[in-house]
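Read-outs: derived from the displayed coordinates by stated rules, not from any lab. Only a predicted model underlies this, so the values are computations on that prediction, with no experimental measurement involved. Cβ placement follows ideal geometry from the backbone for every residue including glycine, while neighbour counts extend to all protein chains displayed.
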Amino acid sequence: MKAYLRFTYPFIVFVVASLLMNACDLQHHGYIYVTDPQNGNTFPLNQPITVKVSVADISRLIPYDWVSYEYTITDDGTTIAHVGNETIHQRNLFVVMNNPSQGAHYVSVRGRAARPDPDFVDVPNNPYRVYSDWIDSNEVCFFVGPNPPPDFCTTRTL
């Protein structure tokens with residue numbers, strides 16, 4: 001067998017196998033992500049909208065004793081909810097937007113985990129915390145009101 005063929009076949013097998021494995025791969029999410037509403041959803045005026053955020057089980061992924069979350073949900077940069085000390089075992093977080101304004105909305109979440117500070121383990125009811133880095137979620141675009149423009153999620157007005 002010629003030398004160049006000896007090295008070409010394994011490379012071709014590797015490329016084909018990689019393509020097949022990536023084609024069957026499941027969708028991956030970050031540690032924290034908005035699951036509802038979804039991109040492109042439209043809602044009538046004066047209807048409350050529930051924003052659902054899913055959180056990965058970081059206790060299995062990161063080797064620390066995280067006990068709580070702190071997170072902020074924003075709508076186009078404006079804070080609509082800030083929650084601290086949510087239990088780490090909570091996998092789904094819900095925030096209701098009452099009477100959102102008419103137009104396009106861009107909702108995202110920023111969160112971090114917390115645990116007791118080991119330097120203050122002797123302090124009764126240790127109030128000191130160590131925090132993880134802030135983690136940003138995906139951004140979800142939806143429209144409130146009648147007659148949404150066809151490109152409301154692709155064109156952002158200032």
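Results, tabulated for the structure shown:
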| quantity | calculated |
| --- | --- |
| Ranked list, fewest to most other Cβ atoms within 10 Å of each Cβ, for V55, V123 | V123, V55 |
| For T35, residues with placed amide H under 5 Å, excluding near neighbours | K52, V53, S54 |
| Inter-probe distance in nm under a simple model that places probes 7 Å from Cα toward Cβ, at D136 and V121 | 3.7 |
| Packing-based exposure ordering (other Cβ within 10 Å, fewest first) of F142, F152 | F152, F142 |
